[in-house]
Every structure is written in structure tokens, then in C-alpha cells.
Amino acid sequence: MLKYPEPRPRILEIDPYVGGSAEIAGKKNVIKLSSNEAALGPSGEAIRAYKAHSERISRYPDGGASELKLALCGIHNIDPNRIVCGAGSDELLQLLCRAYAGPGDEVLFTEHGFLVYKLAALASGASPIAVPETNLCANVDQILNAVSKDTRIIFIANPNNPTGSYLSRSEIHRLWSNLPSNIILVIDAAYAEYAGLQDYNCGIDLVDSSENVVMTRTFSKLYGLASLRVGWCYAPGSIVDVLNRVRGPFNVTGAAIEAATAALSDRDHINKSLALNDKWLNSFPDQLSGTKIKCLPSAGNFILMQFPSIKGQSATDAEKFLIKNGIIVRNVESYGLPDCLRITMGLDHEMETVILKLNEFARIP
Ligand SMILES: Cc1ncc(COP(=O)(O)O)c(C=O)c1O
């Protein structure tokens, strides 16, 4: 008999997720651009709904989140019965693994894909398989090559965090159309709202026309509600049925449901947030053009910056320099990108300070 309680196999292989830091010891007024949160924060409507909810916190929330689902249907023209809401989209990624992948099964994602996929696979006892990328972008042929009889789920972040790269609608379609129908293709569209490119598609039409595609979305990014933990997925009826069996009965709080519903209705705020993001996504790389920093193209609300591997000029040196100056960006070593830092697009004064400091740090003499 064991002397102590032992977790299921693979659980101890999990390195707990470490998010972007939020503080610098001894510094006030820190510029925090490390977690891809919304620069403008949430809509005033969402804050009002959140506060109004304080009157009702003794009651359980609506376990079906019907109000939020109806609001989502109005915007996306989709069937409310195919939506499942979650405590962040993270929860839905975890539940998909728990329900569909276990010991002996494989869960695929790409080399520099969002970290949670590996954690979710291990937590369910499945084997995580990282598929090589090409030039920091998912490669459909490589993914198809990696599919085996044991593959159960493929996660694609589209656009991907932290690289900012994306797969076009036709590439996603090519991937799906070459997959056996027993494999779930999860299109994690956490940054879909920012991806205004013509050949981008969040995956709703593929969910509509298939039995094995799931799209996940979040209110943590554009809608500025990261702390409330609310996300949703759009999925075929059979998968919705399974997720509703494995999720907690009240997995999304009432405050989150109401704030998210209100956030969807504030088009003005959404447009302002998108305009601010576009402005900096376009001008940030230009304003670093006189430096040794390479900015990778991004379809999200963040940019991956690549630094030369030279002592004094590396990503590690840049991170230290920024911290000294009260600026926090994301170290992406855990994503296999030790020569890079990821920066979230912030407010005007934040971006101006960062640009000034990075030019000071890395200007080409
Ligand atoms: C690609 C991607 N998917 C999912 C998430 C999780 O978002 P949340 O759980 O806050 O909805 C994130 C958060 O950073 C992300 O970058």
C-alpha cells in the first residue's frame, strides 16, 4: 500500500502555468504589458452591470448562462444550443481534454502554441505532442504528418499566442478536410476580434458544417474582463452535450454573465479598443526600425519582439532593462522562444514610454 496519496499518472509532469508578472518590487506606476489584457479595460456598461449584480450575489447564477448565449447569438448569428460558456476559455480547453483524451491518447498542438494545451493534455492523462512550426507559424502539413491512430484533439490558436501568426481560412479548411472525423479540431480564437485580415476566419462556419470542430472564445482580451473568467465555445450538438455533462453546474458566475452580456452591447467601446490596437500594432514596429529588435507581424493585441543573441543586447538583457524602467513584458522562454519577448499593445503613454526605452536600449549606432 502507498504511504501517501498519489495523483494520477502524468499529473506531476505538469509545470504549473506562470502568467505574465504584474509587479516590480519597489516600483509604483508600473507599465504592465505582459498578459494581453485590454489596454482600455472593460466597457463602462460592463462595469455598471457588474456592480448592479452585487445586489444578487446570494443567488446561484443561471447555470445555462442563457442571457449571455442569446446576446452572442444576436452578434454572431449562431444557434444558442451550440454554445457552452466557461470560466474563461481555459476551462473549456481543459474540459475538452478531460472528456475526449485520456491515457494512451495524443493531443496535438504546435511548437510555440499556447501553453495551456500541454497542461490540459497532461491533466487528463493524455500525451501532449508539440508539432514543429515553420517560421513561427503553424504548418498544416506538419500537423497532418503528426496525426496518428491515437490522436484525439488538435489545438490551433488562431491567431496564436505568443507568435501572433495565424492560419488563413483555406489552410484551416485544408487541415480539417484531411483529418479523420473522430479527431476534434479546436480552433482557439481568443484573439479573433483583433484579427481583421481578409483571409482570416474565426471558424464559426466550419463548426456549422462539421461534427468535429470546436471554436473557443474569450472575454478576457478585447472585452477587458480577464478577472471575471468568462469564455465560450461554439461546437457541434454532440460535443455540447458532452461538455454540459462534465462542466460544473454553475461554472460561470452571475457577475461574469451580466458583465459579459453588457460588454457585447457597447459597440462604441469595442471600436475604440480596436482602433487603439490597430494604431499601435501598425506603428510600434516602425518606431523600432532604428533598433536591433525585429517585430514579428501579429494578428492579435500583442507583438513578439526578437532580439539578437549578443551579450548585452539579448532578450534577457532587454527584459532586465525594461524592468529597471518599470515596464513588464512577457518572457517567452517557456514557449521555446528564449530570444524573444512578447509585448501587449497598451495605452498611448505606455507605448510611447516603451518605444523611448527600447530605442535607448537597442538603437543601432
Ligand atoms: C490563445 C489563448 N487561448 C486562450 C486563452 C485563455 O483565455 P481565458 O481563459 O482568459 O479565456 C489565452 C489567454 O492568454 C490565450 O492566449
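Summary table below
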quantity	calculated
Residue list for the range 111-141, filter: without any contact (Cβ under 8 Å) to a residue 12 or more places away in the chain and either farther than 17 Å from P159 by Cα or acidic (D, E) (or both)	D141
Residue count for the range 324-365, restricted to those that are among the aliphatic types (A, V, I, L, M), assigned to a strand (DSSP E or B) and in contact (Cβ under 8 Å) with a residue 40 or more places away in the chain	3
Unique match (being polar (S, T, N, Q), assigned to a helix (DSSP H, G or I) and open to solvent by less than 60 Å² (accessible area, probe 1.4 Å)) among S34, S89	S89
S309 free of Cβ contacts under 8 Å to residues at least 12 places away in the same chain, over 16 Å from K32 (Cβ atoms), open to solvent by 50 Å² or more (accessible area, probe 1.4 Å) and in the same structural domain as K32 (by TED's automatic domain parsing)	no
Meets criteria (within 15 Å of the ligand (Cβ to nearest atom) and either crowded, with 19+ Cβ neighbours inside 10 Å or under 21 Å from S210 (Cα atoms) (or both)) for I183	no
Yes/no for L264 being part of a helix (DSSP H, G or I) and either assigned by TED's automatic domain parsing to the domain that holds E55 or within 16 Å of the ligand (Cβ to nearest atom) (or both)	yes
Single residue of V246, V252 found to be buried (at least 18 other Cβ atoms within 10 Å of the Cβ) and either closer than 24 Å to A275 by Cα or modelled with pLDDT of 95 or more (or both)	V252
Odd one out for P103 among (1) under 29 Å from S265 (Cα atoms); (2) assigned by TED's automatic domain parsing to the domain that holds P236; (3) touching a Pro at 6+ places or on another chain (Cβ under 9 Å)	(1)
Residue among I293, I328 that alone is under 19 Å from the mean Cα position of the chain (by Cα) and closer than 16 Å to K357 by Cβ	I328
Answer residue from the range 313-329, given it is touching a Phe, Trp or Tyr at 6+ places or on another chain (Cβ under 6 Å) and of a type in the set (A, V, I, L, M, F, W, C) and is farthest from T291 (Cα to Cα) among those	F321
Qualifying residue in the range 50-60 (condition: within 24 Å of L228 (Cβ to Cβ), touching a helix residue (DSSP H, G or I) at 6+ places or on another chain (Cβ under 6 Å) and open to solvent by 50 Å² or more (accessible area, probe 1.4 Å))	yes
Residues located in the range 142-159, provided they are within 10 Å of the ligand (Cβ to nearest atom) and in contact with a Phe, Trp or Tyr (Cβ under 7 Å, 6 or more places away or on another chain)	F155, A157, N158, P159
Residue count for the range 214-260, restricted to those that are part of a helix (DSSP H, G or I) and within 16 Å of the ligand (Cβ to nearest atom)	9
Residue in the range 43-63 that is over 21 Å from the mean Cα position of the chain (by Cα), within 25 Å of D208 (Cα to Cα) and modelled with pLDDT of 95 or more present	yes
All positions within the range 139-163 that are of a type in the set (S, T, Y), more than 21 Å from D339 (Cβ to Cβ) and either part of a loop (DSSP other than H, G, I, E, B) or touching a Gly at 6+ places or on another chain (Cβ under 8 Å) (or both)	S148
Residue count for the range 71-86, restricted to those that are surrounded by fewer than 22 Cβ atoms within 10 Å (Cβ to Cβ) and either out of contact with any helix residue (DSSP H, G or I) (no Cβ under 6 Å at 6 or more places or on another chain) or in contact (Cβ under 8 Å) with a residue 40 or more places away in the chain (or both)	10
Filter result for the condition that a residue is more than 10 Å from the ligand (Cβ to nearest atom), part of a helix (DSSP H, G or I) and touching a His at 6+ places or on another chain (Cβ under 9 Å), over L206, L175	L206
Residue match in the range 144-162 (condition: on the phi > 0 side of the Ramachandran plot, assigned by TED's automatic domain parsing to the domain that holds T218 and either over 21 Å from the mean Cα position of the chain (by Cα) or open to solvent by less than 40 Å² (accessible area, probe 1.4 Å) (or both))	no
Residue match in the range 244-267 (condition: touching a strand residue (DSSP E or B) at 6+ places or on another chain (Cβ under 9 Å) and over 30 Å from A22 (Cβ atoms))	yes
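The values are calculated or read from the model by the stated rules, or taken from the named source; none is laboratory data. No experiment lies behind these values; they were computed from the predicted model shown. Cβ coordinates were reconstructed from backbone atoms using ideal geometry, including for glycine residues, and neighbour counts include every protein chain displayed. Side chains are part of the model used for accessible areas, which takes the heavy atoms of the whole protein and leaves out ligands, DNA and RNA. Shrake-Rupley method; radii C 1.70, N 1.55, O 1.52, S 1.80 Å.
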